[in-house]
Amino acid sequence: VPTAVLIGASSGVGRALGRRLASAGYSLVIVSRDARDIEASAADLRLRFGVECWPVAQDIADPSWDVDTFAAECHERLGTLDALLVPAGGGLPGDAGPNSKAVNEALGANYAGPARAAAAFGCLMSARGHGTIVLFSSIAAAAPRTKNTAYSAAKAALEAYAAGLRHALSQRGVSVIVIALGYVDSAQTFGLRLPFPVARAERVADYVLSRLNQRSPAGGKYYFPWFWWLVTTGLRCLPWFVYRRLRF
Ligand SMILES: NC(=O)c1ccc[n+]([C@@H]2O[C@H](COP(=O)([O-])OP(=O)(O)OC[C@H]3O[C@@H](n4cnc5c(N)ncnc54)[C@H](OP(=O)(O)O)[C@@H]3O)[C@@H](O)[C@H]2O)c1
């Protein structure tokens, strides 16, 4: 039976991923902060798909989180560790321009928590010579703006960490994948008027599963949908006097 640990499983992309993984027969450990939400999500997956699913209520931004013990417990429960997926994270209110509080807040869930989890699971997976780690970034990392200043920086830090980890683990049978998302229909975009198409969370989940199901998943960074590669590459080529005038 394939196994996965899914952090940020109670909503949006994480919830869609939980359903896709469970329907593919994965045994799961699923995590989010709200205990009632994550227990309800686990019960739903067990009932609908007949899989093993253990809920864990944990704030991954908490610096005192003992992530190595958590990873060891997941391994003990599941017996193997095929995949770690960390869609937890997101933008935050008040992160528009200079805001010293937003810097720390954005880092916890978007950089430190996912990076620490990737490190802990990376150690266990590399000792067994097998596993895939999937982290989630944003087009904001490539095109930082007023509206999400600290969030963009935290995602860029996560991408840099993932690139180093990919290199470190590439000879040990562990793949590190970053999915850079544009707009997705989730709690984070609800009610917003957006200038670009919005992807369905289920389509993101299908795409991630297609990568995970490869015989030896290729590491690296992938934009979803692909056209965001074109958009962000174009934005990065713009001279500053044009970029500063953009309103989106
Ligand atoms: N939605 C978009 O348009 C968009 C665009 C680009 C990138 N992304 C990225 O894609 C990923 C998924 O986004 P989404 O829209 O699906 O998010 P979402 O609907 O807000 O769901 C986030 C999930 O993560 C959990 N979570 C959040 N902070 C956590 C923490 N500190 N510790 C543990 N669990 C935590 C949430 O549950 P609790 O609140 O109960 O903890 C929830 O289950 C995020 O990394 C986001 O930055 C999203």
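No lab work stands behind these numbers, since they all come straight from the coordinates. Note that this is a predicted model, so its numbers are computed, not measured. Positions of Cβ are backbone-derived with ideal geometry, glycine not excepted, and every protein chain shown enters the neighbour counts.
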- Ranking Ser186, Tyr151, Leu169 by how far each Cα lies towards the positive end of the charge dipole of the range 98-248 (+1 on Lys and Arg Cβ, -1 on Asp and Glu Cβ), the top one is Tyr151
- Note on the structure: The long-range amide H neighbours of Val176, using H built 1.01 Å from N in the peptide plane and a cut-off of under 5 Å, are Ile133, Gly219, Gly220
- Residues Asp95, Asp59, Asp185 arranged by fewest to most Cβ contacts within 10 Å: Asp59, Asp185, Asp95
- Note on the structure: Neighbours of Pro114 by Cβ distance under 12 Å: Lys/Arg at +1, Asp/Glu at -1, summed charge +1
- Where a Cα-Cα gap under 22 Å defines reach, which lysines qualify for Lys147, not counting those fewer than 8 residues away within the same chain? Lys101, Lys155
- May I ask you to list the aspartates and glutamates whose Cα is less than 17 Å away from that of Lys221, ignoring any residue fewer than eight positions away on the same chain? Glu159, Asp206
- Task: Would you compute, from DSSP H runs of 4+ residues alone, the mean residue ellipticity of the chain at 222 nm, taking -39500 (n - 2.57) per run and dividing by the full residue count, rounded to the nearest 500?
- Result: -14000 deg cm²/dmol
- Message: Let me check I've understood the local charge: for Ala205, count other residues with C-beta under 13 angstrom from its C-beta, Lys and Arg +1, Asp and Glu -1. What total comes out?
- Response: +3
- Among Val31, Leu45, Tyr111, pick out the residue whose Cα is farthest towards the positive end of the charge dipole of the chain, where Lys and Arg carry +1 and Asp and Glu carry -1 on C-beta, about the Cα centre. Tyr111
- Taking alpha-carbon centroids only, the range 12-32 lies from the range 119-164 a number of Å equal to 20 Å
